[in-house]
Amino acid sequence: AVKYIPHTGIRHFVGRSAELTKIHEKLHGQNNTVAISAVAGMGGVGKTELAVKYAREHENDYPGGICWFNVRESSIAASIIEFAQNYLELEVPQQNFSGKQLTPKQQVDWCWQNWQPPAGLVLIVFDDVTKLENFTEYLPRHNRFRLLMTTRLRNIDANIEEITLDVLSSEEALKFLQAIIGNK
């Protein structure tokens with residue numbers, strides 16, 4: 001199974017253990033979509049790093065693979081199709097059986113239906129979601145997929161569980177600083 005998790009360059013991840021537990025519980029609860037957001041849309045509180053940390057710590061929980069999409073920078077449909085072709089080595093059809101051109105949505109649906117390997121939970125991370133319009137139609141509907149999003153948006157959707165990050169507590173911030181400069 002493909003395990004595509006980016007390197008963020010963060011060497012000293014501290015704190016957020018309660019949030020990591022909450023992400024896992026929510027992804028494996030009633031709703032299999034979770035958004036990591038920030039208080040008042042703040043940037044720099046570690047949403048992406050938390051998603052990376054979760055994916056790395058739970059690799060074995062997703063035998064169907066892990067894949068990561070930075071959605072701010074690209075067309076989500078094109079990214080999913082490209083991922084299926086390059087990493088899953090799938091030949092995504094351009095036309096249906098009668099020769100009619102497939103829409104990007106139909107091609108993306110085909111990718112989700114033909115995901116390799118064909119069994120096991122899959123973690124899909126959508127990093128830096130800026131809006132849901134024209135995005136949700138490309139999400140997988142099958143129960144084997146778990147979706148983790150990072151976003152500055154609050155209350156992104158009623159069907160998406162949300163975990164909101166605030167700045168690190170002063171205790172966690174001190175541990176972070178000590179990890180970076182050494183405990184002197």
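The values are calculated or read from the model by the stated rules, or taken from the named source; none is laboratory data. Nothing here was measured: the structure is a model prediction, and the numbers come from that model. Just so you know, the surface numbers come from the protein's heavy atoms only, side chains and all, with ligands and any DNA or RNA stripped out. Shrake-Rupley method; radii C 1.70, N 1.55, O 1.52, S 1.80 Å.
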The answer for L165, listing residues at least 5 apart or on another chain whose modeled amide H is closer than 5 Å to its amide H, is S37, A38, V39
Share of accessible surface on carbon and sulfur in region 42-86, whole %, 1.4 Å probe and ligands ignored, is 40 percent
Karplus ³J(HN,Hα) for region 23-39 (6.51 cos²θ - 1.76 cosθ + 1.60, θ = phi - 60°; Hz, whole; x = Gly/Pro) runs 4, 5, 4, 5, 5, 10, x, 5, 10, 9, 10, 10, 10, 9, 10, 10, 4
Counting only protein heavy atoms and leaving out ligands, DNA and RNA, the solvent-accessible surface of E25 at a 1.4 Å probe, in Å² to the nearest 10, equals 120 Å²
Rounded to the nearest 10 Å², the 1.4 Å probe accessible area of K53 is 60 Å²
